[in-house]
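S.K.: For reference, the structure I am asking about is given below.
The values are calculated or read from the model by the stated rules, or taken from the named source; none is laboratory data. Just so you know, these numbers come straight off a predicted model, no measurement behind them. Here the Cβ positions follow ideal geometry from the backbone for every residue, glycine too, while neighbour counts run over all protein chains shown. What goes into the accessible areas is simple: the full protein's heavy atoms, side chains included, and nothing from ligands, DNA or RNA. Shrake-Rupley method; radii C 1.70, N 1.55, O 1.52, S 1.80 Å.
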Amino acid sequence: MKHIFRIPIAILSLASVLPCHAAPKGTMSKPDFTKGDPIPEGANHDWTLGATGMRGWIYSDKLETSDARQIYITTVDKGSPADGVLAVGDVILGVAGKKFSYDPRTEFGKALTAAEEKTGELSLIIWKAGKEQNISLKLPVLGAYSATAPFDCPKSALILKQGCAALAKRAAQPGYEKQSPITRSLNALALLASGDPAYLPLVKREAQWASGYSADSMATWYYGYVIALLAEYHMATGDDSVMPGLRRLALSAANGQSIVGSWGHKFAGDDGRLVGYGMMNAPGVPLTTSLVLSREAGVKDPEISMAIERSIRLLHFYIGKGSIPYGDHSPWIQTHDDNGKNGMAAVLFNLLGDKEGAEYFSRMSLATHGNERDTGHTGNFWNMTWAVPGVVQSGPHATGAWMKEFGAWSFDFARRWDGTFTHQGPPQMKPDSTRNWDATGSYLLAYAMPLKKIMLTGKKTGVAPQLNAAEAQAIVLDGRGWSNKNRNEAYDSLSGDQLFESLSSWSPVVRDRAAMALARRKGNPPPVDALVKMLNAKQTETRYGACDALAKLGGASAPAVPALRECLKDEDLWLRIKAAEALAKIGEPAMVALPELLTMIAKGPTKEDPRAMEQRYLSFTVFGEMLRRADIASVDKDLLRQAVAAGLRNEDGRARGTVSGIYGKLSYEEIKPLLPAIYEAIVKPAPSGIMFAGQVRLAGVAILAKHRIREGLPLCIDVMDIQNWGKQDRIKGCLNSIEAYGAAAKPLIPRLKQLEKDLASHGEAKGMQAHIDRIGKIIAKLEKETATVEMRSIKD
């Protein structure tokens, strides 16, 4: 990895100076509790207020609490520091003698950290009984976080000790077993990571539960954490009694993997393809990690190694390109992490001894803090859980810098007065799917890192280079300058030179933000010549950044076409893709590059690119942009057909669907040689990108119907696939194709009548009646048909 570039000083303190913006129309208005305003109806997200024993409601807008200036007390625990001093309905207006000025959540969290450092005195400005008052709460003194926390940090050690004691007490209570298998496994892992033998009987109990565990629903989410517990327990204790359960669960997970190395909400079907939404990395990466741990624990079955190999091949692609995304999608570059998956990957690649992966994903984790760390699909539980495990791969200075920036105050804010932690969730009005989960184990694992007692907390020597203090702080700075409410101002305030420096950053997120800012500049000629020079730089990241900027400038980048075409010949796959994306954004002047691009698509998978990722992204570029808006009369039809046929074999459903967009531009004579490939793409669904796999199938059925291809008739029913997700669009599209066949569809009448019955008895009644009525009309019309329709065949 190249040397780290720092975001200029102009960004450094933006977190506290970004101006507040009025809420747009339709958003919840901000209440003023000093005037008697109530908490808005349905706004039920309150927060643990650290070790005070209170919870409080804070106004949020667009996943931020930066507009709030008050905290409304919703709960006060009996016997807690706040008991008898504050009550439900009181309002906190400020801390440490100052009223809130930028974000009560952050300000209150920092005040907690400061109070616990020396005196324990937490001074508050409150609104009580109709007047403003100053009061103090007495909190336990824990000391200060060290510069390398949780390493060489007495406070971290004390939090771990107290938290484990509280967790063990909670685990002994009736009903503990009712919580999620994920949090239950994390809690047991934290107790094991403490290294305290007093907890081993409790951990053994949990391991015995895990050994017998099974799930019919959401198994992919649960198995990763349950398997990890079993593997770590066996390696720590040598207790062979859990090995049968460990092997059973690990093999179930490995055999439930898709043929491309992914998992979804469920295990793959019998054909090796995922069902429902398709691939999801949030359960997939922990599952892979758990299989690595199970192998380390002695499960040596070849299915385990094969599953690990396939998953790593999939995940390794994202190194240097962005965050690991939701599924089999483009690298995520809006933020430095996407719901904790980079932290997960940093741990995984470190366990495998992969220096490149551990280093990159750890640095991406280090750059994720503030509002970036707050976000996440269905909440931010995973983003918080995997934060420190990811950051720690870069060493104690990395964890210290991250804790100083974000972890210290947010962890103290989340820690209850009894030493346990409840998942806080992101700042939003509606609750997330993990709201109020027991997060004690996930937080304590962070504090247990210095002990290195289990694999997940560093027992195996790390492979990523360890950052010094300056390097760690530079990466933290790269994560500043962005928030959900104000995504542009920080970068728009930079000079042109500063933006060009940022285009060379190690971080793809920084590069993208700088490129967008350059494109937003008004009144100056676009810096195309300077960007063209950057395309010849020695540093690969600089060349990526230049392509990003040229793409954002669009048509103004036309003078760069020759240089971008040269980049298409480069040995770096991602540079070739980036150059192609820039060419597509330029438009008509870049159409001269079409022959090279079609040739590259026709190439398909290679040893360097076994999943044909270049073909995938160039399909989006060429078929999704360049040819979608172009007249193809002058396009070499032989070369086009080669590219279409090859693209229809790509393993990604969305790529295939994008390629199928060309069908409507081809005459029958032009499309005739492609009919076998079109048919094949219908009858054999893509092995990945399941959510988008229907697009190419529907397009194929439609084009076969348009040209009255006999083999397409039965596919009009087959492709509906009424038992699986996304059926509504498929039914509608297939019925359109049946009508396009006209009288030729008469042989389908028996199957249509059966379809009527199947839909009438379908468990999902919503929307089915409209389809049933339409099918009835189609049947009635076909039964009256007497015309003869001439049909074609793929075999002709």
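S.K.: Go over the candidates Leu444, Leu494 one by one and state the one that is in contact with a Cys (Cβ under 8 Å, 6 or more places away or on another chain) and buried (at least 21 other Cβ atoms within 10 Å of the Cβ).
M.R.: After ruling out the rest, the residue left standing is Leu444.
S.K.: Wholly within the range 553-614, which helices (runs of 4 or more DSSP H) include no fewer than the required count, namely at least 2 residues that are of a type in the set (Lys, Arg)? First the steps, then the outcome.
M.R.: On the way: elements: 561-567, 573-586, 594-603.
Passing ranges, in order: 573-586.
S.K.: Output the number of the condition that Gly343 fails; it satisfies all remaining conditions of (1) without any contact (Cβ under 8 Å) to a residue 40 or more places away in the chain; (2) open to solvent by less than 10 Å² (accessible area, probe 1.4 Å).
M.R.: The failed condition is (1).
S.K.: Let me ask something else about it. Across the range 694-731, what is the total count of residues that are open to solvent by 10 Å² or more (accessible area, probe 1.4 Å) and within 28 Å of the chain's Cα centre (by Cα)?
M.R.: Residues in the range 694-731 being open to solvent by 10 Å² or more (accessible area, probe 1.4 Å) and within 28 Å of the chain's Cα centre (by Cα): 11 in total.
S.K.: Is it fair to say Ala464 is surrounded by 15 or more Cβ atoms within 10 Å (Cβ to Cβ), in contact with a helix residue (DSSP H, G or I) (Cβ under 9 Å, 6 or more places away or on another chain) and assigned to a loop (DSSP other than H, G, I, E, B)?
M.R.: Against the criterion (surrounded by 15 or more Cβ atoms within 10 Å (Cβ to Cβ), in contact with a helix residue (DSSP H, G or I) (Cβ under 9 Å, 6 or more places away or on another chain) and assigned to a loop (DSSP other than H, G, I, E, B)), Ala464 qualifies.
S.K.: Determine which member of the set Ser66, Ser136 is polar (S, T, N, Q), open to solvent by 10 Å² or more (accessible area, probe 1.4 Å) and within 29 Å of His377 (Cα to Cα).
M.R.: Ser66 is the lone residue from the list that is polar (S, T, N, Q), open to solvent by 10 Å² or more (accessible area, probe 1.4 Å) and within 29 Å of His377 (Cα to Cα).
S.K.: Shifting gears a bit: Look through the range 285-316, keep the residues that are assigned to a loop (DSSP other than H, G, I, E, B) and under 13 Å from Ile227 (Cα atoms), and return whichever of them is most open to solvent (accessible area, probe 1.4 Å).
M.R.: Ranking the qualifying residues of the range 285-316, first place goes to Gly298.
So that you can scan it fast, the table gives a plain yes or no per residue for (1) buried (at least 19 other Cβ atoms within 10 Å of the Cβ); (2) touching a residue at least 60 places away in the same chain (Cβ under 8 Å); (3) outside any helix (DSSP H, G or I):
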position	(1), (2), (3)
Ala633	no, no, yes
Leu639	no, no, no
Ala645	yes, no, no
Glu670	no, no, no
Ile682	yes, no, no
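S.K.: Given the conditions (1) polar (S, T, N, Q); (2) part of a loop (DSSP other than H, G, I, E, B); (3) surrounded by 17 or more Cβ atoms within 10 Å (Cβ to Cβ); (4) under 20 Å from the mean Cα position of the chain (by Cα), which single one is not true for Asn486?
M.R.: Only one criterion in (1) polar (S, T, N, Q); (2) part of a loop (DSSP other than H, G, I, E, B); (3) surrounded by 17 or more Cβ atoms within 10 Å (Cβ to Cβ); (4) under 20 Å from the mean Cα position of the chain (by Cα) is unmet by Asn486, namely (4).
S.K.: Under the condition of being surrounded by fewer than 22 Cβ atoms within 10 Å (Cβ to Cβ) and touching a residue at least 12 places away in the same chain (Cβ under 8 Å), which residue from the range 513-523 is nearest to Gly357 (Cα to Cα)?
M.R.: My answer is Met516.
S.K.: Hey, another quick one. When residues of the range 264-284 are filtered for being in a loop (DSSP other than H, G, I, E, B), under 14 Å from the mean Cα position of the chain (by Cα) and either among the hydrophobic types (A, V, I, L, M, F, W, C) or modelled with pLDDT of 95 or more (or both), how many remain?
M.R.: 2
S.K.: Could you tell me how many of the residues in the range 198-246 are surrounded by fewer than 17 Cβ atoms within 10 Å (Cβ to Cβ) and among the small types (Gly, Ala, Ser)?
M.R.: Of the residues in the range 198-246, 7 are surrounded by fewer than 17 Cβ atoms within 10 Å (Cβ to Cβ) and among the small types (Gly, Ala, Ser).
S.K.: Output the residues belonging to the range 84-93 that are in contact with a helix residue (DSSP H, G or I) (Cβ under 9 Å, 6 or more places away or on another chain) and at positive phi.
M.R.: The answer is Gly89, and nothing else.
S.K.: Is it the case, given these coordinates, that Ile319 is among the β-branched types (Val, Ile, Thr), surrounded by fewer than 23 Cβ atoms within 10 Å (Cβ to Cβ), closer than 26 Å to Asn468 by Cβ and free of Cβ contacts under 8 Å to residues at least 60 places away in the same chain?
M.R.: yes
S.K.: Same structure again: Would you confirm whether any residue within the range 507-522 is acidic (Asp, Glu), farther than 21 Å from Ala551 by Cβ and outside any loop (DSSP other than H, G, I, E, B)?
M.R.: No, the range 507-522 contains no residue that is acidic (Asp, Glu), farther than 21 Å from Ala551 by Cβ and outside any loop (DSSP other than H, G, I, E, B).
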